[in-house]
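Input: a single structure, listed below in structure tokens.
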Amino acid sequence: MGVRRGSRRQSQEAADDASSSVSNASPMPPTFPLSFADVVLYDMSVERFPDNIRDVAVPSGSANAELASPLLHDDRVEIAMRVTIHFPDKERPMFIIRATLNGIFLFATAEAATLVPEFANATASSLMWPYVRELIQSLSIRMRVPPLILPTLDLRQIQPDQNATQIPEPE
């Protein structure tokens, strides 16, 4: 016994009915003027200090994040986030990690370029921070040191006139 199949016309009618019910649904929310496209590792360096190797009970470190001035293009903006990590402390580090990640954000409209300064200080940094956290944790594991897990942050607290923020040590 075979499987009974409907005609192509019946399938098309069912698809039309489904799409008409979707079009009767609530309207789509407005799109944001800037959309997140990608994060690219631009630059990274690691310094190890073998003389400072010691047992560290709680993996934490001193971190500093800084946003560079946005680089505007016709259809997008690139925003660089520079991070410096001193592990486990600044005075006698076992290693220092410096990394720069470029966030690429596309313009939905021509007027979106006017929103870049506000966007860079709030939204862009919050979107890029998880990539910084993953990079640092992954790199510390590959270095065969205790995994360094940076805290989750609400970086929207960075003020427009303030480019750097000190990352608090985990509790």
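Values as computed for the structure displayed
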| quantity | calculated |
| --- | --- |
| Under-5 Å amide H pairs with Met94, H placed in peptide plane, nonlocal only | Phe87, Asp89 |
| Contour minus Cα-Cα distance for Asp43 and Leu115 (0.36 nm per residue) | 23.2 nm |
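Throughout, read-outs are computed from the coordinates displayed, never taken from laboratory work. What you see is a predicted model, and the numbers here were worked out from it, not measured in a lab.
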